[in-house]
Amino acid sequence: MRILLMAAVVPLLIASSPGPAVVVPVTQTGAFVDDPSGSPADADADDPAIWVNPRSARQSVVLGTLKEGGLAAFDLAGRTLGTYPAPAPPTPDAKPGRYNNVDVLGGARVGGRSRDLAFVSDRGRDRVRVYELDARGAAAGSSVVRDVTDPGARPVFSSSEQEVDDQRTAYGLAAGFVGRTPVVVTNRRNEARVALLRVTPGPAGSVGTAVVSTLDLPSSFPLPDGTTWTPCGEPGERPQLEGMVVDSEHGVLYAAQEDVGIWRVPLRATGFGTPVLVDKVRSFGVPQTYDPETEECSVSGTDPGFGGAHLTADAEGLAIGDGYLIASSQGDSRFVAYERTGRNRYVGEFVVGSGRGVDSVEHSDGAHLVTADLGPRYRKGLLVVHDGERTPAVGDLPTTGFAYVSWADVLEELD
């Protein structure tokens with residue numbers, strides 16, 4: 001469906017014809033610099049998650065990963081509440097912590113009590129870090145985030161600390177419930193593997209995770225003309241995934257395989273069902289060749305026309321809310337909407353543009369959506385998206401951040 005809009009009726013949206021609607025953010029966080037001079041140092045924004053404060057929705061908190069800069073917490077105005085560093089390397093030669101994705105579970109029952117928890121994939125150390133969110137702290141204006149990771153946490157995918165340093169580690173992450181059971185799903189960098197983890201109580205109130213099952217998604221694909229296509233990558237690397245979201249209501253995991261498309265996978269407490277590819281990137285099936293000198297892939301043949309019509313690689317961040325699945329089409333900086341159920345039919349698309357002193361969003365990695373009433377600016381909910389190209393840059397250094405979008409503005413079009 002082509003999305004059009006009447007600017008006189010919806011002032012926060014700008015008509016664009018032909019093309020997607022343009023949604024202007026309500027606000028944005030500060031910019032982060034991936035450089036030792038930044039504050040925090042070496043901070044590269046990547047993925048957001050929203051915690052709805054059960055005591056006061058207007059005091060809800062947005063979390064954002066900053067890779068080597070750790071984890072940041074923001075209020076609903078985009079102001080930074082605190083930053084929480086990633087772990088230091090265990091030895092001088094080891095990789096430091098590097099926080100990639102984050103997701104939140106409210107009311108997760110762990111160790112005999114209900115807790116609000118945030119789970120973070122530490123791709124530097126191949127762990128899942130766990131933080132607890134405290135509504136009482138938010139009300140008092142004190143810290144709302146506390147690291148409660150089990151001190152004995154083991155690597156998710158690596159068999160040894162030496163293998164951790166090869167960096168085929170926990171990458172994308174999503175959390176949810178299967179029935180009443182809290183679960184975490186993570187995927188492996190440079191691989192097509194997805195792991196289901198159960199949430200476990202640790203000593204002294206800490207929280208850990210343990211692998212229950214793994215699923216390997218395809219690395220090669222049969223095409224309608226009888227040939228087989230393998231997405232291009234460095235030798236030894238498989239087409240990796242990153243963006244994921246758990247639809248707890250329907251028992252489904254959605255996972256974005258960057259150069260392939262979006263998978264729908266039935267989710268059980270003991271493992272995964274049969275995956276279905278619900279949409280493909282436009283370049284699906286296009287011949288490409290890896291050049292070791294440039295370390296890049298280039299088109300080396302004619303497009304056979306087997307790709308999808310809506311996603312430009314990479315397929316990245318996924319979010320769900322109301323009746324929609326939202327996907328980041330990173331290659332053309334669009335967000336694509338699908339029906340959340342059934343065959344996940346395409347509904348429409350939009351971009352996040354600039355206006356009122358707020359930057360536009362380009363090349364977004366992560367997104368998170370809640371549909372709770374969070375106050376006057378977010379009556380129908382809040383969509384937070386990663387901005388991969390915050391402008392203006394800081395000197396010659398590129399910057400990143402997060403943008404806050406009123407879900408009502410998006411619904412005005414998608415409905």
Original post:
Is there a residue in the stretch 223-241 that is surrounded by fewer than 19 Cβ atoms within 10 Å (Cβ to Cβ), more than 18 Å from the chain's Cα centre (by Cα) and basic (Lys, Arg)?
Top reply: no
Original post:
How many residues, within the stretch 205-246, are of a type in the set (Gly, Ala, Ser), farther than 25 Å from GLY301 by Cα and in contact with a Pro (Cβ under 8 Å, 6 or more places away or on another chain)?
Top reply: 2
Subject >> Residues of the stretch 146-176 satisfying the condition of being out of contact with any strand residue (DSSP E or B) (no Cβ under 7 Å at 6 or more places or on another chain), outside any loop (DSSP other than H, G, I, E, B) and farther than 13 Å from ASP122 by Cα >> reply: GLU161, GLN162, GLU163
Subject >> Boolean, PHE306 is touching a strand residue (DSSP E or B) at 6+ places or on another chain (Cβ under 7 Å), among the hydrophobic types (A, V, I, L, M, F, W, C) and either more than 25 Å from VAL120 (Cα to Cα) or not in a strand (DSSP E or B) (or both) >> reply: no
Original post:
Which residues, counting only those in the stretch 247-269, are open to solvent by 10 Å² or more (accessible area, probe 1.4 Å) and either touching a residue at least 40 places away in the same chain (Cβ under 8 Å) or over 22 Å from ASP314 (Cα atoms) (or both)?
Top reply: SER248, GLU249, HIS250, GLY251, GLU258, ASP259, TRP263, ARG264, PRO266, LEU267, ARG268, ALA269
**OP:** State all residues of the stretch 39-92 that are out of contact with any strand residue (DSSP E or B) (no Cβ under 8 Å at 6 or more places or on another chain) and farther than 27 Å from THR391 by Cα; if no residue qualifies, say none.
**Re:** ARG55, SER56, ALA57, ARG58, GLN59, ALA88, PRO89, PRO90, THR91, PRO92
Original post:
Just a yes or no: is a residue in the stretch 157-173 surrounded by fewer than 21 Cβ atoms within 10 Å (Cβ to Cβ), within 17 Å of the chain's Cα centre (by Cα) and more than 20 Å from LEU267 (Cα to Cα)?
Top reply: no
Subject >> Selection from the stretch 351-368 of residues that are at pLDDT 95 or above, surrounded by fewer than 23 Cβ atoms within 10 Å (Cβ to Cβ) and either within 18 Å of the chain's Cα centre (by Cα) or within 22 Å of ALA72 (Cα to Cα) (or both) >> reply: VAL351, SER360, GLU362, HIS363
Original post:
Of the numbered conditions (1) open to solvent by 20 Å² or more (accessible area, probe 1.4 Å); (2) among the charged types (D, E, K, R); (3) farther than 18 Å from ALA21 by Cβ, ARG334 satisfies every one except a single condition; which is it?
Top reply: (3)
Subject >> Residue ID - most open to solvent (accessible area, probe 1.4 Å), chosen from residues in the stretch 185-208 that are over 21 Å from ARG109 (Cβ atoms) and outside any strand (DSSP E or B) >> reply: ARG189
Original post:
Is the stretch 97-118 home to any residue that is modelled with pLDDT of 95 or more, assigned to a loop (DSSP other than H, G, I, E, B) and open to solvent by less than 60 Å² (accessible area, probe 1.4 Å)?
Top reply: yes
Original post:
Taking the stretch 223-258, which residues are farther than 22 Å from GLY271 by Cβ and acidic (Asp, Glu)?
Top reply: ASP225, GLU234, GLU237, GLU258
**OP:** Could you grab me the full set of residues in the stretch 209-222 that are open to solvent by 30 Å² or more (accessible area, probe 1.4 Å), closer than 17 Å to VAL265 by Cα and not in a strand (DSSP E or B)?
**Re:** PRO218, SER219
Original post:
With ALA43, ALA88, ALA77 as the choices, which residue is of a type in the set (A, V, I, L, M, F, W, C), more than 24 Å from GLU413 (Cβ to Cβ), at pLDDT below 95 and outside any strand (DSSP E or B)?
Top reply: ALA88
**OP:** Test each condition in (1) among the small types (Gly, Ala, Ser); (2) part of a loop (DSSP other than H, G, I, E, B); (3) open to solvent by less than 60 Å² (accessible area, probe 1.4 Å) for SER143 and report the one that comes out false.
**Re:** (3)
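The values are calculated or read from the model by the stated rules, or taken from the named source; none is laboratory data. Predicted model only: the values in this text are computed from it and were never measured. As a convention, Cβ positions derive from the backbone with ideal geometry for all residues, glycine included, and neighbour counts pool all protein chains shown. Accessible surface areas use protein heavy atoms only, side chains included; no ligands, DNA or RNA. Shrake-Rupley method; radii C 1.70, N 1.55, O 1.52, S 1.80 Å.
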